[in-house]
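Inspection log for the structure reproduced underneath, given as C-alpha cells.
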Amino acid sequence: METLNLVSDWIARTLDYPLGWMLALPRDVAIVTIAIGTSLLLTLARKWTTDQGYLLRSKNDIRRLKQLRREAKRAKDKSAVKRIRTTIGMINLTKMKSEGLPLLVSIVPIALLAIWALARLDYYPPKVGEPLTVKAYYPVSSISQAGRFTHTHLVAPKSVEVKGEAVQEVREDPKKGPGGQVNGLAEWNVVPTVKSDSLVLVIGHQDQTVEHPLSAGADIYAPPLKAHSSGKIQVTEVMLKRAKFLGFVPGIPEIMFPPWLVAYLIIVIPFVPLLRRGLKVY
C-alpha cells in the first residue's frame with residue numbers, strides 16, 4: 001500500500017507540470033475542463049485508430065436496412081424482416097471489433113488523469129487561519145475503560161496552533177466501522193498560521209508515533225487520510241472540505257465514487273457522442 005501511495009504521489013506531482021494551471025481555476029471549472037478533455041481524447045482516439053470510411057459506410061448501410069425492415073414489416077414479409085435483422089446484427093458485430101483499440105489507446109492517459117484528479121480535485125486545499133479537525137483511529141484495545149484511561153498526544157509545528165489540549169483520551173468512535181467494527185478515536189482542533197506545503201503533525205500513543213502531512217494556503221492539499229502500519233495508531237485524518245460540483249452533486253460512497261468523479265461522468269457520458277457528431281467521428 002505504501003508503494004502504491006508513493007507511485008500515485010509521483011504521478012500526481014509529475015502531472016502538475018502540464019495540468020497544474022487548472023488548480024488556479026474554480027473547482028467546478030477544473031472538473032468541467034478535465035471532463036471535456038477526456039471526451040475529446042476519446043473522440044480523437046477513435047478517429048485516429050479506426051477505419052472511419054468503413055464505419056461511415058456501415059452507419060449508412062444500417063440506416064438503409066432499418067428503412068427496408070420497416071417496409072418489410074408493413075408488407076408482413078417475415079422472411080425479409082428476419083434476413084435484414086441478421087444482416088444488421090452481422091454489421092454491428094463487425095463494428096464492435098473497432099471499439100477495442102480506441103479504448104486501449106485511451107485507457108492509460110485516462111487512468112493518469114484520474115490519479116491526478118483524485119489527488120488534486122477531490123478536496124479544497126485548507127487556507128491559512130482555517131480551523132481543521134484532526135482525527136486518529138486506534139484498535140479497540142486502546143479505548144479507555146472504567147478505571148483505566150488511555151491517552152494519546154499531538155505534537156504540531158510552531159506554525160500550527162493547537163486549540164485545546166494536546167493530550168486527549170482515546171474514546172470509542174460513535175461511528176462503527178465495516179461490519180460493525182469498533183474503533184478508538186481521538187480528535188484535535190488545529191489552525192495553520194502560515195502558508196506551507198510541508199507541515200507535519202506528529203501523533204503519539206504509548207510507545208509509538210506517526211506523522212501526518214499537512215499543507216495550508218497552497219493550491220494542493222496533502223492526502224487527508226493516511227494509514228499506518230503500526231498497531232497502536234491505525235489511521236490518521238485531517239478533515240478537509242470535499243469538493244461537490246455546483247455545490248450539491250453528491251458522491252456514491254457505496255462504490256467509492258467521490259463527488260468529483262460523479263460530476264466527471266455526468267459530463268463525459270453525454271459529451272462524447274456530442275463531440276463525435278460535431279467532429280463527424282463515426
Taking R0 as 51 Å, what's the FRET efficiency between F149 and I91 from their Cβ-Cβ distance, rounded to 0.05?
0.10
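Among H205, H151, which comes first, second and so on when ranked by fewest other beta-carbon atoms within 10 Å?
Ascending number of Cβ neighbours within 10 Å: H151, H205.
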Matching label, Cα extents along the principal axes in Å computed from the structure shown, candidates (i) 74, 42, 29; (ii) 61, 40, 33; (iii) 89, 42, 33:
(iii)
Between segment 1-64 and segment 226-282, what is the C-alpha centre distance in whole Å?
15
For K59 and L246, what is the calculated FRET efficiency with R₀ set at 45 Å and r taken between the beta-carbons, to the nearest 0.05?
0.80
Among bridges DSSP assigns within the chain, what percent are antiparallel (round to 5)?
100
Would you work out the charge dipole size for segment 132-239 about its Cα centre, treating the Cβ of every Lys and Arg as +1 and the Cβ of every Asp and Glu as -1, and quote it to the nearest 20 debye?
160
Expressed in nm to one decimal, what extension gain is obtained for the pair Q206 and L6 from 0.36 nm per residue of sequence separation less their Cα-Cα distance?
69.2 nm
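Just from its helices, what would the mean residue ellipticity at 222 nm be for the chain, if runs of 4 or more DSSP H residues each count -39500 (n - 2.57) and the sum is divided by every residue, rounded to the nearest 500 deg cm²/dmol?
Value at 222 nm, helices only: -15500 deg cm²/dmol.
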Amide H neighbours of A222 under 5 Å, at least 5 residues apart or on other chains, H built in the peptide plane: list them.
S215
Packing-based exposure ordering (other Cβ within 10 Å, fewest first) of F257, F271, F248:
F248, F257, F271
I'd like the distance between the alpha-carbon centres of segment 74-122 and segment 157-186, rounded to an integer number of Å.
49
Apply the Karplus curve 6.51 cos²θ - 1.76 cosθ + 1.60, θ = phi - 60°, to the phi angles in segment 225-239 and return the couplings in whole Hz, x for Gly and Pro.
10, 9, 8, 10, 7, 5, x, 8, 10, 8, 9, 10, 8, 9, 6
Taking the simple approach of a point 7 Å from Cα along Cα-to-Cβ for both A111 and K127, what is their distance in nm?
3.8
Once you have the Cα-Cα distance between L104 and L68, take 0.36 nm times their residue separation minus that, and quote the gain in nm to one decimal.
9.4 nm
Size of electric dipole in the chain: Cβ of Lys, Arg +1 and of Asp, Glu -1, about Cα centre, debye, nearest 20
3000
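Using the structure shown, select from K175/K244; K76/K97; K176/K226; K195/K226 the pairs with a Cα to Cα distance greater than 29 angstrom. Provide the component values of the computation, followed by the final result.
Values: K175/K244 23 Å; K76/K97 33 Å; K176/K226 19 Å; K195/K226 22 Å.
From the list (K175/K244; K76/K97; K176/K226; K195/K226), the Cα-Cα distance tops 29 Å for K76/K97.
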With r defined as the distance between the Cβ atoms of I255 and D51 and R0 fixed at 30 Å, what FRET efficiency is calculated, to the nearest 0.05?
0.25
Nitroxide proxy distance, nm - points 7 Å out along Cα→Cβ at D77 and T33:
5.8
Of P157, V200, V238, farthest towards positive along the dipole that unit charges on Lys, Arg, Asp, Glu beta carbons give segment 132-239
V238
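Since every read-out is calculated from the coordinates, none of them should be taken as a lab result. Here the structure is a predicted model, which means the values were calculated and not measured. Note that each Cβ is placed from the backbone with ideal geometry, even for glycine, and that neighbours are counted across all protein chains shown.
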